[in-house]
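Visitor: Below is a structure I'd like to ask you about.
The values are calculated or read from the model by the stated rules, or taken from the named source; none is laboratory data. Please read these numbers as outputs of a predicted model, since none were measured by experiment. Neighbour counts run over all protein chains shown; Cβ positions are idealised from the backbone, glycine included. Each accessible area value is taken on the protein alone, full model and side chains, heavy atoms only, with ligands, DNA and RNA left out. Shrake-Rupley method; radii C 1.70, N 1.55, O 1.52, S 1.80 Å.
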Amino acid sequence: SFGTGSGATIHESLDTTSFQTWGEGSCMRFAAVPLCDDAGRKGMVWFATTDDTAATRESCAVRRREALAEAFRSWHAPIPDLIWSADPDAIVVDRALAHRPGDRDALLRGGIAVPGAG
């Protein structure tokens, strides 16, 4: 299992091109898509995945953002800036699971993966 963090960053200077980047090891992935808030300001909504427990199990929002930023510090722009620009209290962390294609222990039922349902 691994964790996902998601947030939104409003910043006029951001390039608002959608992207997704996959890492090697540590279940790392980062994706972002453009958004526009009610005031017309441009930004990005994003998600990050990692099995780094410092980033996914930290209870303090500020330290969790720091750990998430550290996990992705060497990734291409604008990933580190998106993480640092997000309000720490607005970053949501959830547990996630991944299954290999054809895994008999995970079946789809009504669009929901049900582990061990084989």
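Visitor: Mind checking which residues of region 1-34 are closer than 15 Å to Ala96 by Cβ and at pLDDT below 70?
Guide: Ser1, Phe2, Gly3, Thr4, Gly5, Ser6
Visitor: Among the residues in region 95-114, are any at pLDDT 85 or above and in contact with a Phe, Trp or Tyr (Cβ under 6 Å, 6 or more places away or on another chain)?
Guide: no
Visitor: Filter region 20-36 down to the residues that are open to solvent by 40 Å² or more (accessible area, probe 1.4 Å) and over 12 Å from the mean Cα position of the chain (by Cα) and list them by number.
Guide: Glu24, Gly25, Ser26, Pro34, Leu35, Cys36
Visitor: Give region 33-65 a look and list any residue that's assigned to a loop (DSSP other than H, G, I, E, B) and either within 16 Å of Ile83 (Cα to Cα) or in contact with a Lys or Arg (Cβ under 9 Å, 6 or more places away or on another chain) (or both), or say none.
Guide: Scanning region 33-65 gives Asp52, Arg57, Glu58, Cys60.
Visitor: Look through Ala48, Ala61, Ala69, Ala77 and report the one residue that is modelled with pLDDT under 90 and either under 26 Å from Thr17 (Cα atoms) or of a type in the set (A, V, I, L, M, F, W, C) (or both).
Guide: Of Ala48, Ala61, Ala69, Ala77, the one residue that is modelled with pLDDT under 90 and either under 26 Å from Thr17 (Cα atoms) or of a type in the set (A, V, I, L, M, F, W, C) (or both) is Ala48.
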